[in-house]
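The next block holds one structure in the form of structure tokens; read it before the comments.
All of the numbers you see were taken from the coordinates with simple rules; none came from a lab. Everything numeric here is computed off the predicted structure, so don't read it as measured data. Cβ sites come from the backbone with ideal geometry, for glycine too, and all protein chains shown count toward neighbours.
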Amino acid sequence: MKIFYATVSFLFFSLLISNTSEIETKTKSIKDFQGKATYISKAKMELGNWGARLTEVQKKQIEARMKNRLEKTYILTFNTQESFFKEDDKIDAISGATDSWGKYFSPGDQYKNTSTNTQIQHQEFYGKDFLVKDKLQPIDWKLGDDTKMIGDYVCLKATAMIPANELTWYAFSWDKLNNREKKEKGEEQEVAYTVVEAWYSIQIPVSHGPQEFWGLPGLILEVSYDNTTFLCSELVLNTGDKITINAPSKGKVVTKVAYQDIISKKMQEFRDNRSGRGR
């Protein structure tokens, strides 16, 4: 009987040690999880009322000239806590290097840290470098049951509503400036929201994604909002040596709100000078 109990005890502790070892291995594997995702972004061209007066040939000519703004390639490097998102230099050097105006209002190199709720982004505006340090964009995701395959990964659908100005804080539009001026005059403004649709895979256990998007229980492989879509075209996981992710460090440190103030005031000055009111 003593031999029986001794045998059972030995098997129990052997199983416990085996399970503990397996858990530790999985935990270490998740902790060391890293990779690199390539995204293709495509935006539809909107010409508004002015475009209605153009022929199809003229529209195609404009679209061809705008291609470097409408189609871009980005790289997202990530581990379990950090990510670094930037436009692919090779593509930009070929098609977008001369587009200085578009570059001013495009997202710059972006670092995110989900464990510290931190975002650091480099922006260049009128020859000056800014380091925008702030919290991550809060996103109230609604998880759905819809699924689809993106490459070799099963993806789940999630949706969210995000204030438009907060989603594109780095960009400028005359509508934004007009609304800002109305707000300064005390006129009540309705908050415009942007509908976001994302597809993420729990097979990739990190809560990262392109641009402002994050916070889902898996890597975001596709996300659409307004007329723009980011789609992961290539994914490389756990590549050999440990990936080092560094945050941008060049530029005057400001918050997102402060950066919006800077570009709005500069564009207001630009508008007033052109109209003669700034003289």
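Structure data summary
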| quantity | calculated |
| --- | --- |
| Which listed pairs, of 86/128; 182/265; 44/183; 185/252, have C-alpha distances above 22 Å, in listed order | 44/183; 185/252 |
| R0 of 51 Å, Cβ-Cβ distance residue 128-residue 150: FRET efficiency to nearest 0.05 | 0.85 |
| The range 111-218: trypsin sites (Lys or Arg not before Pro) in DSSP loop, at most 16 other beta carbons within 10 Å | 185 |
